[in-house]
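What follows is calculated from the coordinates using simple rules that are stated; it is not laboratory data. In this text the structure is predicted, and so the values were computed from the model without any measurement. In this analysis, Cβ positions are derived from the backbone assuming ideal geometry, glycine residues included, and neighbour counts consider all displayed protein chains.
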Amino acid sequence: MIAKVVSSAVLGIEAYLVDVEIDLAKGLPAFNLVGLPDAAVKEARERVRAAIKNSAFQFPVKRITANLAPADIKKEGAAYDLPIAIGILAAQGIVEEESLKDYVVVGELSLTGELRSIKGALPMAIQAKEEGKVGIILPPSNAKEAAVVEGIEVIPVNSLLETIDFLNNNEIKNRIDVNYRLDLEPDYKVDFAEVKGQAAAKRALEIAAAGGHNVIMIGPPGSGKTMLARRIPTILPNLSLDEAIELTKIHSILGLLSTDEALISRRPFRSPHHTTSNAGMIGGGRIPQPGEVSLSHHGVLFLDELPEFNRNVLEVLRQPLEANEVTISRSLTTLTYPANIMLVAAMNPCPCGFFGDASQKCSCSHYQVERYLNKVSGPLLDRIDIHIEVPRLDPDVLASSPTGESSAEIRSRVNQVRQIQQQRFEGEEINCNAEMSGKLLEEHCNLTKEGQKLLRSAIERLNLSARAYDRILKLGRTIADLDNESMIEVDHIAEAIQYRDLDRKLFVS
Ligand SMILES: Nc1ncnc2c1ncn2[C@@H]1O[C@H](COP(=O)(O)OP(=O)(O)OP(=O)(O)O)[C@@H](O)[C@H]1O
Ligand SMILES: [Mg+2]
């Protein structure tokens, strides 16, 4: 007696179908699992046995073999409990085999036969649809994320018994509302309108958001760096449906979605602690799991107190910053996760925090300041286009009520500039000015005569490197776009140069 149930597994952010074949044979009672299962899958034997018995069925006294195919890919986790149990019952004729071919079945079983949530329901539902399945049977807590996929039936089941009931009668008990459709209007709970003063910093962040530039903010403690950074996602364009699905997939495979969250509509803001390891930052594990760079995909990765991070961790960030994705190799497999992030960093200018402050004297020695700044590597700084100083607020401004623009107003300008870039880079591999290099820089960064003159004299006077030159051009492009000008004018270049000021002041570029 052989039965086959279709299940699903996730590798990277994609899912693939897994056939769960169950063979019941005469012989000494045994229960073997084959097809590269890991420890958690092997434990399925005990859960399945208990769940079947506690659902008032007999567990067959036979030689049971469960095969998970394809056999060349390592199977992880507890999502195969339900398909294995259903397969055993189907092999005994308790479950109708007929309906099994139309559905993908996933779910972890408790000993009583109740279902527990699984990881990766969204990619699994996408894959099930692509393979032409009618529906996906899964735990209720995963139903909403799967229901995002149109054109596939999502069948939430509470228990093994309910699953059997559905497969035999095509009847769903406890149907929960999965007709949840997307509402991509995000609610960020913070707004730029709350930030007092800091007009220069806000302007720089608007430019950064408009052109996709990475930013570093330097200033004394309490000047509002963290507060400003938290508000950057609120001025980025709303996520498109494709972006939201891609981001939700990453959270889905880590099991991080809450049960009532169908799709992540807010751009992520991740602020990993400075003790984060390499694996925590870029991803890792025996079968690599995504790290902070992928969890902040399409959003902001904020590195607060930048010099406190392990230098090694900052170095591994360079690859994802370059490629917008991260590739992690482990002995079992090599996986690539998306990691298209806006990097925002913040730091004090010295250990005490007051180097260069107008009102408070810095107590650090020259050597201490230099050592502190040197902790941040040149190659990483090279990836950061905008350097801004965030000075402490004037007490009068701090005591007054905030008067600045709201995030929505700033975002509408950012959206316009993003549209200009979309047209500009049509057919190219890139989306934002910040990603331009070589040929594209020359093609799209035309300066007026005065602009050229100013840039040339700045290079001589400030002794700028070739890299700094490129960055000024890119920034100038974004600033000109905000002005809706096709040529980069002298004012635009002047402002762009100003965002490189700190380079000379603090770092030796
Ligand atoms: N421009 C501002 N408008 C309104 N409140 C502000 C502003 N700047 C700072 N604050 C207040 O001060 C608090 C501290 O600011 P924040 O944590 O952003 O400082 P920081 O620059 O990150 O400091 P540190 O270097 O110590 O991390 C904020 O929570 C906020 O209440
Ligand atoms: Mg801070």
Could you grab the Rg to Rh ratio for the chain? Cα atoms only, Kirkwood for Rh. 1.08
Using the Karplus curve 6.51 cos²θ - 1.76 cosθ + 1.60 with θ = phi - 60°, what ³J(HN,Hα) values do you get for each residue of the stretch 475-485, in whole Hz, with x for Gly and Pro? 5, x, 4, 5, 5, 5, 4, 5, 8, 6, 10
Are there trypsin sites (Lys or Arg not before Pro) in the stretch 15-61 that DSSP marks as loop and that have at most 10 other Cβ atoms within 10 Å, and which are they? 26
Convert 25 °C to kelvin, take the viscosity as 0.890 mPa s, use the Kirkwood radius over C-alpha pairs of the stretch 84-236 as Rh, and evaluate the Stokes-Einstein diffusion coefficient in µm²/s, rounded to a whole number. 128 µm²/s
Computed ³J(HN,Hα) along the stretch 151-164: with the Karplus parameters 6.51/-1.76/1.60, θ = phi - 60°, integer Hz and x for glycine or proline, the list is x, 9, 7, 10, 10, x, 10, 7, 8, 4, 4, 5, 5, 4
Taking θ = phi - 60°, what integer Hz values does the Karplus form 6.51 cos²θ - 1.76 cosθ + 1.60 yield along the stretch 345-356, in sequence order, with x for Gly and Pro? 10, 9, 7, 7, x, 7, x, 7, x, 10, 4, x
Express in nm, to one decimal, how much length is gained between residue 240 and residue 286 on full extension, taking 0.36 nm for each residue of separation and deducting their alpha carbon distance. 13.3 nm
Sort out for me the Cα centre separation of the stretch 278-308 from the stretch 143-164, rounded to whole Å. 31 Å
Find how many whole Å separate the alpha carbon centroid of the stretch 354-424 from the alpha carbon centroid of the stretch 1-77. 55 Å
For residue 75, what residues show an amide H to amide H distance below 5 Å, using hydrogens built from the backbone and excluding near sequence neighbours? 38
What full-extension length gain, to one decimal in nm, is calculated for residue 134 and residue 187 as 0.36 nm per residue of separation minus the Cα-Cα distance? 15.7 nm
Would you mind checking the pairs 196/225; 129/189; 439/474; 4/53; 53/74; 75/119 and listing those with alpha carbons more than 24 angstrom apart? 129/189; 53/74
DSSP beta bridges in the chain: the antiparallel percent, rounded to 5, is 50 percent
Please identify the GluC sites (Glu not before Pro) of the stretch 424-492 that satisfy two criteria: DSSP loop assignment and at most 15 other Cβ atoms within 10 Å. Which are they? 426, 428, 429, 485
Kirkwood Rh, Cα atoms: Rg over Rh of the stretch 2-169: 0.93
Placing +1 at every Lys and Arg Cβ and -1 at every Asp and Glu Cβ, with all other atoms neutral, what dipole size does the stretch 1-135 have around its Cα centre, in debye to the nearest 20? 460 debye
Determine the gain in length on full extension of the stretch residue 308-residue 469; use 0.36 nm per residue of separation and subtract their C-alpha separation, reporting nm with one decimal. 55.1 nm
Between the residues 244, 387, 164, the Cα farthest towards the positive end of the dipole of the chain, that dipole coming from +1 and -1 charges on the beta-carbon of Lys, Arg, Asp and Glu, is from 387
FRET efficiency for residue 101 and residue 30, using Cβ-Cβ distance with R0 set to 30 Å, rounded to 0.05: 0.65
